[in-house]
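Enquirer: Below is a structure I'd like to ask you about.
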Amino acid sequence: AQHAADLNGWLALPAPVTLSFAGCGEANAYYDGPTRRVVMCYELLDALGQVFGDRETPEERERAILGAAGFLLYHELGHALIDVLDLPALGREEDTADQFAAYVLVDGTEEGERAALDGVVGLGRLDAEFDDMAFADEHSLGVQRFYNVACWVYGRDPAAHAQFLERGTLPPERAERCPGEYDALVRGWERLLAPYIRAQQ
């Protein structure tokens, strides 16, 4: 509910987008264009609970589940914005939706950055099988999505995330381009959303 309230206070959309939770019969989240509805499936939350079962404390497990669910919610809201605002998606729409989730969450706060990283860690663990269908899927592989988000987190503030290089989270060859990648991501979304941002009271 808080995510929806935050978005309503931020963007003035020409058509309403509904957020709902439902049983889907599978671990999934999706945007349904004809009804303009984002659906978060209960089965996905259950699956994330299993994925993050290795966290040291119940509090860390809950934080990871909620953070990952937040990333997936904003990913689906990225699809909704592309549809409702008729935004151009240059490249694969799934990658653009990941970029929107990172644009919202990678805001300089530890909570937002953890949510973005937990989101792609969770996706990587849910999608651990690499077969022909995984390579043919419209989504990038979970590992690729992790490196992209890690790059954007690092690119926003390299000095604060020097451990990404020290621990091998990011290879130096990618890390050196990450500040430019993050800046391009922010400029792109700011330009696309500028006409729809509500005036600050």
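The values are calculated or read from the model by the stated rules, or taken from the named source; none is laboratory data. Computed from a prediction, not measured in an experiment: that's the story for all the values here. Ideal geometry is used to build each Cβ from the backbone, glycine not excepted, and the neighbour counts take in all protein chains shown. These area figures cover heavy atoms from the full protein model, side chains too; ligands, DNA and RNA do not enter into them. Shrake-Rupley method; radii C 1.70, N 1.55, O 1.52, S 1.80 Å.
Enquirer: Please go through region 5-62 and pick out each residue that is free of Cβ contacts under 8 Å to residues at least 24 places away in the same chain, closer than 22 Å to residue 114 by Cβ and among the aliphatic types (A, V, I, L, M).
Expert: 5
Here is a yes/no grid of residues against (1) touching a residue at least 60 places away in the same chain (Cβ under 8 Å); (2) open to solvent by 40 Å² or more (accessible area, probe 1.4 Å); (3) polar (S, T, N, Q); (4) touching a strand residue (DSSP E or B) at 6+ places or on another chain (Cβ under 7 Å):
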{"residue": "77", "(1), (2), (3), (4)": "yes, no, no, yes"}
{"residue": "84", "(1), (2), (3), (4)": "yes, no, no, no"}
{"residue": "91", "(1), (2), (3), (4)": "no, yes, no, no"}
{"residue": "96", "(1), (2), (3), (4)": "no, no, yes, no"}
{"residue": "99", "(1), (2), (3), (4)": "yes, yes, yes, no"}
{"residue": "110", "(1), (2), (3), (4)": "no, yes, no, no"}
{"residue": "118", "(1), (2), (3), (4)": "yes, no, no, no"}
{"residue": "122", "(1), (2), (3), (4)": "yes, no, no, no"}
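Enquirer: When the residues of region 1-33 are filtered to those that are among the small types (Gly, Ala, Ser) and closer than 23 Å to residue 94 by Cβ, which remaining residue is surrounded by the most Cβ atoms within 10 Å (Cβ to Cβ)?
Expert: 29
Enquirer: When you scan region 64-73, do you find a residue that is of a type in the set (Phe, Trp, Tyr) and not in a loop (DSSP other than H, G, I, E, B), even just one?
Expert: The answer is yes; a qualifying residue exists.
Enquirer: In region 156-185, how many residues are more than 20 Å from residue 108 (Cβ to Cβ) and small (Gly, Ala, Ser)?
Expert: 1
Enquirer: Still on this structure, please answer the following. So, restricting to helices (runs of 4 or more DSSP H) that lie completely within region 152-201, which ones have at least 2 residues that are open to solvent by 70 Å² or more (accessible area, probe 1.4 Å) and touching a helix residue (DSSP H, G or I) at 6+ places or on another chain (Cβ under 9 Å)?
Expert: Correct list: 178-193.
Enquirer: If you go through region 41-62 one residue at a time, how many are in contact with a Phe, Trp or Tyr (Cβ under 9 Å, 6 or more places away or on another chain) and in a helix (DSSP H, G or I)?
Expert: 5
Enquirer: Next question. Out of all the residues in region 14-32, is one or more in contact with a helix residue (DSSP H, G or I) (Cβ under 8 Å, 6 or more places away or on another chain) and at positive phi?
Expert: Checking region 14-32: at least one residue is in contact with a helix residue (DSSP H, G or I) (Cβ under 8 Å, 6 or more places away or on another chain) and at positive phi.
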